[in-house]
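So the structure is just underneath, and the comments pick up after that.
The values are calculated or read from the model by the stated rules, or taken from the named source; none is laboratory data. Because the structure is a prediction, the values reported are computed rather than measured. Methodologically, a virtual Cβ is constructed for each residue, glycine included, from the backbone with ideal geometry; neighbour enumeration extends over all protein chains shown. Side chains are part of the model used for accessible areas, which takes the heavy atoms of the whole protein and leaves out ligands, DNA and RNA. Shrake-Rupley method; radii C 1.70, N 1.55, O 1.52, S 1.80 Å.
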Amino acid sequence: MIEVIEENWGVLTQTNHALLVESINALPAGVLAENPRLVAAKTYVNYLPVNGDARPLRFQHAATAGRGGLLDVLADLTSRSVTARFQGNPAEAVALVREAHQTIAEVSDDAIAAIRPVLPDIRLQWAITLELAGELVDANRAYERTFDEAVTFDNRRIAAKAAGSLALNYALGGNRQAAEQWLNRQEHAGFDVSADTLQADTILTTGGLARALLETNDLRFAEAQAALDAAPSVEIDRETWALRLFVESTLARAAGHARPQLARVGATLTTQPERHRTTGLNGWLTAMATTELQLALGDVVAANRTLTQLGGSGVRVATDPPSILRAWTALRRGDARAALVLAAPGLSEPLTSPRITAELLLILATASLMLGQTDEAREHFAACLDLIVSEKMAIILLRLTPAERATLLAPHHDALGPRLVGLLDSGPRPETAAPVVPLTERERVVLRHLVQGESLAAIAGAEHVSPNTVKTQVRSIYRKLGVRDREGAIRAVTAAPHLLT
């Protein structure tokens with residue numbers, strides 16, 4: 001029986017999982033004691049969902065005393081790593097994965113060849129551990145290796161999982177083309193995607209979330225919701241709760257339902273242990289989702305507060321989405337120059353994704369518009385729009401206020417097409433906070449004179465101060481508003497009348 005299980009592991013996990021569970025659970029305790037790798041295999045197959053049953057909340061496996069061959073060692077390291085992962089100890093989990101990688105690196109090719117048919121299952125767990133710990137670059141490499149080996153040994157189930165996870169990671173990173181390529185590979189992996197399987201098997205969760213995110217980015221809300229509904233639920237795939245919450249929050253924000261979704265995010269976080277909601281990828285995703293929703297609601301202060309959580313997340317990514325949000329918070333508090341300082345260097349980064357590039361260009365366009373640099377704003381926006389159209393990322397345009405959209409989008413309706421123009425014109429408008437500008441009371445008085453068209457000399461006479469004092473106050477006002485002249489100050493007041501009160 002042991003030989004049959006080991007020689008046909010891939011086929012059994014794909015086509016007759018119930019038989020595999022029944023057989024391996026029937027092995028006597030003495031046999032299991034002599035074969036530590038079978039202990040890990042038994043735990044693994046009982047952990048997988050069957051016929052819609054949910055995975056246990058915790059994956060518990062006691063390390064087996066003693067070590068045998070290569071597969072025994074890898075099975076033990078993997079099982080201990082997954083245990084640490086489910087206990088909320090990402091550093092320990094990653095350390096065990098690194099040890100497993102080092103173990104493989106130090107053995108002969110013949111030793112690896114002997115266990116290669118079962119390696120995709122093991123590598124998949126390594127990739128998931130790296131991903132949830134926030135080691136996204138290494139996780140993608142691990143998923144790619146897993147996919148290649150799974151295809152080689154016709155393990156379609158693992159190939160589908162690896163492809164779906166890569167699709168989601170690329171979608172999260174803003175690379176639509178790569179995400180769609182991996183979704184196509186998942187589709188052609190040959191794994192059964194019937195309705196019953198789709199609802200029961202966690203292998204397809206990440207691919208479904210990737211599709212939902214891509215549809216949301218293109219403002220196709222019905223299609224995005226359908227992809228979410230089709231993917232296995234959190235009750236079935238518990239480990240992906242933060243990934244799903246992030247995608248759901250992106251959809252809710254785009255569809256104009258930010259406020260109830262923010263409440264739901266808060267409620268969900270209270271149900272998760274602190275380690276699981278604050279560390280690794282989970283902590284990063286929930287902080288990003290919360291910040292995005294707070295920005296959509298115009299709560300710049302809360303968004304800034306949430307962004308501070310990302311500083312210690314430990315997530316390693318090729319690009320820096322938090323810097324994008326920091327630039328947008330600067331813009332929404334009226335500090336265009338700070339936004340430019342945050343955004344401009346990013347365009348020189350060689351690894352910047354199309355999504356990040358488009359976001360940076362839109363920040364530059366918006367900041368330039370606030371500073372009265374209309375020509376520069378239009379130039380940046382034209383380059384941004386080319387990416388938005390080619391990468392189907394119209395969701396980025398929802399960051400603009402109605403006034404900014406009217407100015408920047410007016411010449412480009414043909415490029416967007418009637419569907420997107422209609423959504424942007426008639427769809428829900430994001431709330432925008434009044435910019436926080438630290439003007440003194442005397443500066444507010446001078447600003448009121450400025451917008452009424454009075455000369456500096458007239459202001460000095462009215463306020464009984466010297467012209468030089470007025471000039472100093474005006475320079476300070478312009479600096480704080482992020483404008484260059486009186487015309488820019490008038491535009492700032494028109495957009496935020498509270499500046500005068």
So if I check each of 378, 399, 405, which one is in contact (Cβ under 8 Å) with a residue 60 or more places away in the chain and touching a helix residue (DSSP H, G or I) at 6+ places or on another chain (Cβ under 9 Å)? 399
I'd like the full set of residues that are among the small types (Gly, Ala, Ser), in a helix (DSSP H, G or I) and more than 15 Å from the chain's Cα centre (by Cα), limited to the range 260-300. 263, 266, 267, 296
Hits in the range 219-241 - residues which are open to solvent by less than 10 Å² (accessible area, probe 1.4 Å) and at pLDDT 95 or above: 224
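Table: residues versus (1) open to solvent by less than 40 Å² (accessible area, probe 1.4 Å); (2) over 22 Å from the mean Cα position of the chain (by Cα).
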site	(1), (2)
88	yes, no
91	no, no
94	yes, no
121	yes, yes
131	yes, no
141	no, no
145	no, yes
The range 279-308 residues that are among the charged types (D, E, K, R), paired with ones that are open to solvent by 20 Å² or more (accessible area, probe 1.4 Å) and in a helix (DSSP H, G or I) (beta carbon under 6 Å, 6 or more apart): 292/253
Determine whether residue 121 is among the acidic types (Asp, Glu) and outside any helix (DSSP H, G or I). no
Can you give me the number of residues within the range 462-479 that are under 21 Å from residue 332 (Cα atoms) and either loosely packed, with under 13 Cβ neighbours inside 10 Å or in contact with a Gly (Cβ under 8 Å, 6 or more places away or on another chain) (or both)? 2
Kindly indicate the residue of the range 251-286 that is hydrophobic (A, V, I, L, M, F, W, C) and in contact with a Phe, Trp or Tyr (Cβ under 8 Å, 6 or more places away or on another chain) and also nearest to residue 87 (Cα to Cα) among those meeting that condition. 285
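Select, from 196, 192, 154, the only residue that is at pLDDT below 95 and at positive phi.
Among 196, 192, 154, only 154 is at pLDDT below 95 and at positive phi.
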When you check residue 172 against the structure, is it surrounded by 24 or more Cβ atoms within 10 Å (Cβ to Cβ), modelled with pLDDT of 95 or more and under 28 Å from residue 358 (Cβ atoms), yes or no? no
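Can you tell me which residues in the range 175-190 are in a loop (DSSP other than H, G, I, E, B) and small (Gly, Ala, Ser)? Walk me through how you get there before you give the answer.
Going residue by residue through the range 175-190, those that are in a loop (DSSP other than H, G, I, E, B) are 175, 188-190.
Hits for the range 175-190 are 189, 190.
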Within the group 459, 490, which residue is open to solvent by less than 70 Å² (accessible area, probe 1.4 Å), modelled with pLDDT under 90 and part of a helix (DSSP H, G or I)? 490
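To keep it simple, each residue is scored yes or no on (1) buried (at least 20 other Cβ atoms within 10 Å of the Cβ); (2) modelled with pLDDT under 90.
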site: 252; (1), (2): yes, no
site: 255; (1), (2): no, no
site: 258; (1), (2): yes, no
site: 275; (1), (2): no, yes
site: 279; (1), (2): yes, yes
site: 283; (1), (2): yes, no
site: 292; (1), (2): yes, no
site: 301; (1), (2): no, yes
site: 314; (1), (2): no, yes
Residue pairs, Cβ under 7 Å, 6 or more apart or interchain, first in the range 122-135 and at positive phi, second open to solvent by less than 10 Å² (accessible area, probe 1.4 Å). List them. 134/280; 134/281
Name the residues in the range 334-371 that are closer than 24 Å to residue 437 by Cβ, open to solvent by less than 30 Å² (accessible area, probe 1.4 Å) and not in a helix (DSSP H, G or I), would you? 334, 371
Hits in the range 147-162 (condition: of a type in the set (A, V, I, L, M) and either open to solvent by 30 Å² or more (accessible area, probe 1.4 Å) or free of Cβ contacts under 8 Å to residues at least 24 places away in the same chain (or both)): 151
Within the range 243-278, of all residues that are touching a residue at least 40 places away in the same chain (Cβ under 8 Å) and in contact with a Lys or Arg (Cβ under 9 Å, 6 or more places away or on another chain), the one nearest to residue 208 (Cα to Cα) is 245
Selected residue (criterion: least open to solvent (accessible area, probe 1.4 Å)) from residues of the range 96-114 that are in a loop (DSSP other than H, G, I, E, B) and not hydroxyl-bearing (Ser, Thr, Tyr): 107
Considering each residue of the range 413-456, count those that are at pLDDT 75 or above, surrounded by 14 or more Cβ atoms within 10 Å (Cβ to Cβ) and assigned to a loop (DSSP other than H, G, I, E, B), and give that number. 2
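Given the options 83, 13, name the one that is modelled with pLDDT of 75 or more, in a helix (DSSP H, G or I) and hydroxyl-bearing (Ser, Thr, Tyr). Talk me through it step by step, then tell me what you get.
On the way: 13 fails: modelled with pLDDT of 75 or more.
That would be 83, the only listed residue that is modelled with pLDDT of 75 or more, in a helix (DSSP H, G or I) and hydroxyl-bearing (Ser, Thr, Tyr).
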